[in-house]
Amino acid sequence: MKTGVLGGTFDPVHLGHLKAAEAATAAVGLSETIFLPAGQPWLKAGSSFTPAVHRVAMLRLALAGRPGYRLSTMEIERPGPTYSVDTLAELRRQMGAAADLYFIMGWDSLEQLPRWREPSRLITQCRIVAVRRVDFPEPDLASLERAVPGLAAQVTVLHEPRIDINATMIRRLLAVGESIGGLVPEAVERYISEHGLYRPAV
């Protein structure tokens, strides 16, 4: 069984995340995708995030009624900095050594992969599906291969769809009182409103 793994802060989860999962499913034939909200992503050290209870609740709402998608709070529950290589290893322990994992990420994240913790070990744990992000160039696989030998053979680069939604955009819109209709699932939009998240500073 092919299992997708989509991590992120999900602050908040938005339709771009769901489009990425859909595109990866279609491209490589995933049977399921696990959404993994991050606890303390080391590459974003020093940044502040909405409390995990809200990020997890919004993900539950976004994934409700979507067969093949499930939520794991593994990284939220793990103390200390979050490293994808450890998460993938733990998933393999849970699912068995024969687990066929596909790590879904944006083009921008793939370019940064040589900076991640133990990238050479990470690519032995999974294959990678790189989803196109607007305003980011196509990853240079030759350069990445030089930095992490063996990486290019593990990557599927997708050119469609073009993901043009990001959480920073959504937070900025909400901070100035603008609508985020059409950018997040309706249930997530209601949750954000009901809990007063990302409100303009007063």
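Under the 0.36 nm per residue contour assumption, what length would be gained going from the current alpha-carbon distance of Val53 and Glu90 to full extension?
Working: separation 37, 0.36 × 37 = 13.32 nm, distance 2.22 nm.
Extending this stretch completely gives an extra 11.1 nm.
Any chance you could check the Cα centroid distance between the stretch 123-201 and the stretch 76-113 for me, in angstrom?
After rounding, the separation between the Cα centres reads 17 Å.
Which one, Thr33, Val184, Leu174, is farthest towards the positive end of the dipole of the chain when Lys and Arg carry +1 and Asp and Glu -1 on their Cβ?
Thr33
Restricting to DSSP loop positions (anything but H, G, I, E, B) with no more than 14 other Cβ atoms inside 10 Å of their own Cβ, which GluC sites (Glu not before Pro) remain in the stretch 137-202?
Sparse-neighbourhood loop GluC sites (Glu not before Pro): Glu178.
What's the extension gain from Ala64 to Lys19 if we count 0.36 nm per residue and subtract their Cα-Cα distance?
Difference between extended and current length: 14.7 nm.
Between Thr73 and Asp100, what length in nm is gained on full extension when 0.36 nm per residue of separation is reduced by their alpha carbon distance?
Length gained, Thr73 through Asp100: 7.7 nm.
Please get the size of the charge dipole for the stretch 69-157, origin at its Cα centre, with Cβ charges of +1 on Lys and Arg and -1 on Asp and Glu, quoted in debye to the nearest 20.
It works out to roughly 220 debye.
Quick note: the coordinates plus some simple rules give every number you see, no bench work behind them. None of the values given here were measured: they were computed from a predicted structure. A quick note on method: Cβ atoms are made from the backbone with ideal geometry, for glycine too, and the neighbour counts reach across all protein chains shown.
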